[in-house]
Amino acid sequence: MTVLDTKDESLPRAEHPAAEAWRVFRSRPAALFGLLLLSIIVIVSLFGPVLYAVDPFEIVWAPLTPPFETETAILGTDNLGRDMLAGLIVGGRATLLVGVTAALITIIIGILVGALAGYYLGWVDDVLMRITEFFQVLPPLLFAMVLVTLFSPSLPVVAMSIGIVSWPATARLARAEFMRIRGLEYVSAGRSIGARDGRLIWRVILPNALAPLIVSATLTIGVAILFEAGLSFLGLSDPNTMSWGLMIGSGRQYVLDAWWVVTLPGAMIFLTVLGVSLIGDGLNDAFNPKLRER
Amino acid sequence: MTVLKVDNIVVDFATRRGNARVLDHVNLEVNEGEILGIVGESGCGKSMTALSIMGLVPSPPGNLTSGSIYLEGRDLVGLSKDEMREIRGNEIGMIFQEPMSSLNPVFTVGEQIAESVRLHENASQRAAWERAVEMLRAVGIPEAEVRAKSYPHQLSGGMRQRVMIAIALACNPRVLIADEPTTALDTTVQAQIFDLLEELQKSRGTAIVLITHDMGAVAQLADRVAVMYAGRIVETGTVEQVLTMPRHPYTEGLIACVPHLQPDPPEKREPLLEIPGVVPSLTELGDGCAFAPRCNRALATCTGRQPVLKTEGNGHATACWAVEAELENV
C-alpha cells in the first residue's frame with residue numbers, strides 16, 4: 001500500500017450535479033413562483049374539465065355577456081355566447097401541449113444537428129450549418145404559416161411547424177457547447193480508454209452540454225406558446241380544438257366592445273409564459289456556477 | 001523483451017506557415033516492466049509521441065507520414081479505427097497532465113473506471129463496479145467503496161490522478177503512457193504519485209513511458225531515458241549514462257538547469273545555468289542540427305547537415321557532430 005494523501009479530507013456527501021442544481025433552484029423565490037404558477041396552470045388544465053364540466057363550444061348564455069353578470073358563465077361569454085371560463089380551462093391543454101411538443105421537436109433536432117456538427121466539424125459541420133442557416137434566414141412566422149396552410153391546421157402540424165422554424169438557434173447553441181467540450185481533456189481521456197464516437201457524443205459530451213440546452217428548451221416552451229397563439233390569432237389553428245390562441249383569434253373583432261374575450265385568454269398566455277420564463281431563469285442560475293453564489 | 005517499439009515515425013502538421021515536422025524519425029523501444037523517460041522542453045514532441053502511440057494525433061492538421069509502431073510485434077499504424085480502439089485502454093493506457101480536467105464531471109469516479117472495464121471486457125455492471133473499487137484500492141485510495149461514489153470535484157488533485165491511473169490500468173494494459181502526470185500537482189503529492197507508479201510497475205509488470213520535463217523524476221523512476229529536441233531524439237541511453245555522462249550539449253544544458261540543494265552560503269553558490277536562445281519554430285528548421293543556433297559547441301558542419309544518432313558500444317546514443325568528432329579523436 002502506498003502512502004495515502006496527507007491532506008485530511010472529510011468525506012463530503014456525494015451530491016449529484018442535478019441535486020446541487022435543485023438546491024440552488026429552490027433558493028430562488030422567483031423560480032419557485034414560476035414553478036408554482038405553471039404547476040397551477042398545468043393542474044387546472046389537466047383536472048379542471050373534470051370539475052367544471054361545461055362544453056366550451058356550447059352556447060350557454062347571451063353573446064358577449066361581461067364577467068360576473070350571470071352565475072351560468074361567471075367569466076362572461078364570447079361572441080357566440082360560449083362560456084369563457086370553460087374555454088380558459090380547456091384551452092390550456094392545447095396551448096401547453098403544442099408548446100411542450102414544439103419545444104421537444106426543437107430540442108431534439110437542435111441537439112442532433114448541433115452535436116454532429118460540433119463533434120465532427122469539417123465537412124459535416126459545413127453541410128449541417130449551411131442547412132441550419134437556410135432555416136434561420138426564413139421568416140419564422142411566414143414559414144410556419146406556409147407549413148400549416150400546406151398541410152392541415154391541426155395541433156400536430158402546428159407543433160411540428162413551430163419546431164421546424166425554431167430549431168436553428170438550439171442547434172447553434174448545442175454546436176458551440178460541443179465544440180468547447182470536445183477539446184477538453186476528459187474527452188481525450190475517454191478516447192484514450194477506447195470509447196467510440198457515439199459514446200463520446202452521447203455519454204460524455206452531451207451530459208456536460210445539457211445545462212444550457214435545458215434552459216434554452218424551457219424558454220423555447222414559452223416562445224412556442226406565443227407562436228401557437230399567434231398562429232391561432234391568424235386563424236391558422238385547429239378550429240375544432242379550443243385553445244387560448246383560438247379564443248383570442250375569434251374574439252379579436254369584438255375587443256373594443258367586450259375587453260374580456262381577448263384579455264382573459266391573453267392573461268392566461270401571459271401567466272404561462274411568465275411561469276416558464278421564471279423557471280428557465282432559475283434553471284440558468286442553478287446550472288451556471290458563476291451565477292450560483294449571488 | 002521489447003513490448004513497444006516506435007520505429008522511425010514522422011509526424012507532420014500542416015500549418016498556415018507551411019509544413020511543421022513535429023516528429024522527425026523518432027525511434028523508441030520500451031521493454032517489459034521497464035520505465036522509459038522522455039524528457040525535453042515544451043513543444044519538443046514529447047506529447048505528440050504519446051499521441052502517435054495512442055493513434056490519437058489530431059487529424060487534420062496532423063498526419064503520421066511514415067514509420068511504424070509495434071506493440072508486441074504488431075504494427076499499430078495500419079490498423080483500422082475499430083482495431084485501434086480495441087487497443088486503446090485495453091493494451092495501452094494513458095494518463096494525462098491535468099487530473100483536474102481529465103475526469104468527466106457528471107459521473108462518479110467508480111462509474112468512470114467501470115466504463116473503462118466494460119468497454120473492453122464482457123463484464124456485468126456489477127463485476128465492473130467491483131473491479132472499479134478494487135482498482136481504487138490498488139491505487140491507494142482509502143475507503144474505496146465510498147470514494148467510488150464520489151464525483152471528481154469532491155476529490156483532491158492527487159486523488160484524481162490516482163483515479164486516472166486506476167482508469168488507465170483497469171484493463172491491465174501492457175504499456176502505460178504517463179504524459180506529465182504530476183505537472184499539475186504539488187511536490188508532496190508528486191512524490192506519492194511517482195511512488196505509486198513505481199509500485200504498480202513492479203507489481204503488474206506494466207511498461208511505462210514517462211513523459212516529463214522533470215529531470216528529478218527521471219532520475220528517480222526511469223530505467224532508460226530519451227532526450228528530445230525539436231521533434232528529434234538527440235540522446236538516449238540508460239539513466240546513469242545520460243544523467244551522469246551527458247554527451248549532447250542540450251542534455252548537458254538541461255541537467256545544468258536543474259537547481260540542487262547547496263549547503264554553501266549564498267555568495268559561494270554557483271549561478272543557475274540556462275540555455276541561451278529559444279526553441280526554433282518547427283516550420284523554419286534548416287538542414288542542420290536544430291540545436292546549433294543555441295549550442296556552445298557548434299561546429300561548421302552543424303548548420304549544414306543534420307546529425308544522426310550514433311550508438312556507442314554500451315548503448316548510449318547521441319546525435320551531435322561535436323560529440324562524434326570528439327569520440328573519434330579519443
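List of remarks:
- Looking only at residues of the stretch B:2-42 that are out of contact with any helix residue (DSSP H, G or I) (no Cβ under 6 Å at 6 or more places or on another chain) and on the phi > 0 side of the Ramachandran plot, we find that the one that is least open to solvent (accessible area, probe 1.4 Å) is B:Gly33.
Yes/no per residue for (1) away from chain A (no Cβ under 12 Å); (2) surrounded by 23 or more Cβ atoms within 10 Å (Cβ to Cβ):
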residue	(1), (2)
B:Thr49	yes, yes
B:Leu79	yes, no
B:Asp82	no, no
B:Gln97	no, no
B:Leu103	no, yes
B:Val109	no, yes
B:Ala114	no, yes
B:Ala127	yes, no
B:Val133	yes, no
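- Residue match in the stretch B:144-151 (condition: in contact with a His (Cβ under 9 Å, 6 or more places away or on another chain), outside the structural domain of B:Leu76 (by TED's automatic domain parsing) and not β-branched (Val, Ile, Thr)): yes
- Helices (runs of 4 or more DSSP H) wholly inside the stretch A:128-228 containing at least 2 residues that are under 20 Å from the mean Cα position of the chain (by Cα) and surrounded by fewer than 21 Cβ atoms within 10 Å (Cβ to Cβ): A:140-150, A:155-182
- Unmet requirement for B:Glu328, which otherwise passes all of (1) open to solvent by 70 Å² or more (accessible area, probe 1.4 Å); (2) not aromatic (Phe, Trp, Tyr); (3) not in a helix (DSSP H, G or I): (3)
- Any hit, the stretch B:140-152, residues being touching a helix residue (DSSP H, G or I) at 6+ places or on another chain (Cβ under 6 Å) and among the aromatic types (Phe, Trp, Tyr): no
- Here A:Arg93 meets the list (1) assigned to a loop (DSSP other than H, G, I, E, B); (2) closer than 24 Å to A:Val157 by Cα almost entirely, failing just condition (1).
- Residue within the stretch B:181-196 that is open to solvent by less than 10 Å² (accessible area, probe 1.4 Å), more than 18 Å from B:Thr49 (Cα to Cα), more than 14 Å from the chain's Cα centre (by Cα) and at the interface with chain A (Cβ under 10 Å from one of its Cβ atoms) present: yes
- If you go through the stretch A:161-202 and pick out every residue that is of a type in the set (D, E, K, R), in contact with a helix residue (DSSP H, G or I) (Cβ under 8 Å, 6 or more places away or on another chain) and within 12 Å of another protein chain (Cβ to nearest Cβ), you end up with 5.
- Answer from B:Val278, B:Val258, B:Val308 - the residue that is touching a residue at least 40 places away in the same chain (Cβ under 8 Å) and either open to solvent by less than 60 Å² (accessible area, probe 1.4 Å) or not in a strand (DSSP E or B) (or both): B:Val258
- Check on B:Ile177, of a type in the set (Val, Ile, Thr), away from chain A (no Cβ under 12 Å) and within 19 Å of B:Ile53 (Cβ to Cβ): no
- Checking each residue in the stretch B:282-305 for being crowded, with 18+ Cβ neighbours inside 10 Å and farther than 18 Å from B:Glu252 by Cα picks out B:Leu282, B:Gly288.
- In the stretch A:146-159, the residues that are in contact (Cβ under 8 Å) with a residue 24 or more places away in the chain reach residues that are surrounded by fewer than 19 Cβ atoms within 10 Å (Cβ to Cβ) and assigned to a helix (DSSP H, G or I) with C-beta atoms within less than 8 angstrom, at least six apart or across chains, in these pairs: A:Leu155/A:Leu97; A:Ala159/A:Leu97.
- The set of residues in the stretch A:64-82 being acidic (Asp, Glu) and without any contact (Cβ under 8 Å) to a residue 60 or more places away in the chain consists of A:Glu69, A:Glu71.
- Answer residue from the stretch A:80-97, given it is within 14 Å of A:Val42 (Cβ to Cβ) and open to solvent by less than 10 Å² (accessible area, probe 1.4 Å) and is farthest from the chain's Cα centre (by Cα) among those: A:Gly91
- Per-region count, the stretch B:135-160, residues over 16 Å from A:Tyr186 (Cβ atoms) and either surrounded by 20 or more Cβ atoms within 10 Å (Cβ to Cβ) or within 8 Å of another protein chain (Cβ to nearest Cβ) (or both): 14
- Qualifying residue in the stretch B:60-71 (condition: more than 28 Å from B:Ala114 (Cα to Cα), in contact with a Gly (Cβ under 7 Å, 6 or more places away or on another chain) and more than 11 Å from chain A (Cβ to nearest Cβ)): no
- Taking the criterion of being more than 8 Å from chain A (Cβ to nearest Cβ), open to solvent by 10 Å² or more (accessible area, probe 1.4 Å) and in contact (Cβ under 8 Å) with a residue 60 or more places away in the chain, the only residue of the stretch B:84-95 that qualifies is B:Glu91.
- All positions within the stretch B:223-233 that are open to solvent by 10 Å² or more (accessible area, probe 1.4 Å) and of a type in the set (A, V, I, L, M): B:Ile233
So that you can scan it fast, the table gives a plain yes or no per residue for (1) open to solvent by 10 Å² or more (accessible area, probe 1.4 Å); (2) part of a helix (DSSP H, G or I); (3) over 20 Å from B:Ile38 (Cβ atoms); (4) outside the structural domain of B:Glu29 (by TED's automatic domain parsing):
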| residue | (1), (2), (3), (4) |
| --- | --- |
| B:Arg162 | no, yes, yes, yes |
| B:Ile165 | no, yes, no, yes |
| B:Ile211 | no, no, no, no |
| B:Thr236 | yes, no, no, no |
| B:Leu243 | yes, yes, no, no |
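The values are calculated or read from the model by the stated rules, or taken from the named source; none is laboratory data. Since the structure is predicted, the reported quantities are computational estimates derived from the model, not experimental observations. With ideal geometry, Cβ positions are generated from the backbone for all residues, glycine too; neighbour counts draw on all protein chains shown. Side chains included, ligands, DNA and RNA excluded: accessible areas come from the protein's heavy atoms. Shrake-Rupley method; radii C 1.70, N 1.55, O 1.52, S 1.80 Å.
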